[in-house]
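Chemist: Can you keep this structure in mind? I'll have questions shortly.
The values are calculated or read from the model by the stated rules, or taken from the named source; none is laboratory data. Quick caveat, the model's predicted, so the values are computed rather than measured. Don't worry about glycine lacking a Cβ; one is built from the backbone with ideal geometry, like all the others, and counts go over all protein chains shown. We work out accessible area using only protein heavy atoms, side chains counted, and drop any ligands, DNA or RNA first. Shrake-Rupley method; radii C 1.70, N 1.55, O 1.52, S 1.80 Å.
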Amino acid sequence: MKSIIKSSLIALFMAISLQSFAQISSATIQVAGLTCSMCSFSTEKAIRTLPFVKDVKTDLNTAEYEITFKSDQEINLDLIADKVKGAGFSISKLLAVVDFDNIEVKEDSHISIGKNNFHIMNVSSKILNGRTQILYLDKNFMSPKEFKKLASKSTYPCFESGKKEDCCQNLTGSSSRIFHIKVV
């Protein structure tokens, strides 16, 4: 009995440690459908209202927004997608910079960052250390055409739903939301 409790405590400590060694510091989103500077400005203004956003820089030529996050706030990327959608547009690409400290990833592995859960796709086994770019592969973070193509090849039930499924084991994040990412 003591060994079971001890093993459970060690697993809990390791899970808590994993959460504290990864932090999303910034993201670059590409927005589809922008046609003018007013469209761009309204989208930027909407993103700036989020409490975890520190700064937003816009590049009109590429329709990209570089978003810097506050380090003391929980980041909710779905809220960014909601703000962009509320401004009348959609995200066609989302790249985030995550600061990792010796986190092992491999194909079909899972990690938690804060309250968020991530399902790793299309990656060879490696240790992530330092600033690393990740590409989001979920429905609200890529073009519908690209998502449909990727979904037709995926065997993960959570990919279509975006929620924890049987394939998502041992996650410590409190959210049932699963983000699918690729290390780039």
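Chemist: State all residues of region 154-175 that are open to solvent by less than 60 Å² (accessible area, probe 1.4 Å), in contact with a strand residue (DSSP E or B) (Cβ under 7 Å, 6 or more places away or on another chain) and assigned to a loop (DSSP other than H, G, I, E, B); if no residue qualifies, say none.
Modeler: At the first step, the residues of region 154-175 found to be open to solvent by less than 60 Å² (accessible area, probe 1.4 Å) are 154, 156, 158-159, 161-162, 167-168, 171-173, 175.
Keeping just the survivors that are in contact with a strand residue (DSSP E or B) (Cβ under 7 Å, 6 or more places away or on another chain) gives 156, 158-159, 162, 168, 171-173, 175.
Hits for region 154-175 are TYR156, GLY162, CYS168, LEU171, THR172, GLY173, SER175.
Chemist: Among the listed residues VAL98, VAL84, VAL105, which satisfies the condition of being over 12 Å from the mean Cα position of the chain (by Cα), surrounded by 15 or more Cβ atoms within 10 Å (Cβ to Cβ) and within 21 Å of PRO51 (Cα to Cα)? Walk me through it before giving the result.
Modeler: On the way: VAL98 fails: over 12 Å from the mean Cα position of the chain (by Cα); VAL105 fails: within 21 Å of PRO51 (Cα to Cα).
From the options VAL98, VAL84, VAL105, the qualifying one is VAL84.
Chemist: Of all residues in region 161-171, how many are touching a residue at least 40 places away in the same chain (Cβ under 8 Å) and more than 21 Å from ALA96 (Cα to Cα)?
Modeler: The first filter runs over region 161-171 and keeps only residues touching a residue at least 40 places away in the same chain (Cβ under 8 Å), leaving 164, 167-171.
Then keep just the ones that are more than 21 Å from ALA96 (Cα to Cα); that gives 164, 167-170.
Of the residues in region 161-171, 5 are touching a residue at least 40 places away in the same chain (Cβ under 8 Å) and more than 21 Å from ALA96 (Cα to Cα).
Residue by residue, here is whether (1) outside any helix (DSSP H, G or I); (2) modelled with pLDDT under 90 holds:
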| residue | (1), (2) |
| --- | --- |
| PHE100 | yes, yes |
| VAL123 | yes, yes |
| GLU146 | no, no |
| SER152 | no, yes |
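Chemist: Among all residue pairs at least 6 apart or on different chains, which show Cβ distances below 9 Å where the first residue, located in region 80-101, is among the polar types (S, T, N, Q) and the second is open to solvent by less than 30 Å² (accessible area, probe 1.4 Å) and not in a helix (DSSP H, G or I)?
Modeler: The qualifying pairs are SER90/VAL31; SER90/SER143; SER92/ILE29; SER92/VAL31; SER92/ALA63; SER92/MET142; SER92/SER143.
Chemist: What tally of residues in region 121-130 results from selecting those that are loosely packed, with under 12 Cβ neighbours inside 10 Å and not aliphatic (A, V, I, L, M)? Quick ask: steps written out before the conclusion?
Modeler: Step one: filter region 121-130 for residues loosely packed, with under 12 Cβ neighbours inside 10 Å, giving 124-125, 127, 130.
Next, only the ones that are not aliphatic (A, V, I, L, M) stay: 124-125, 130.
Matching residues across region 121-130 total 3.
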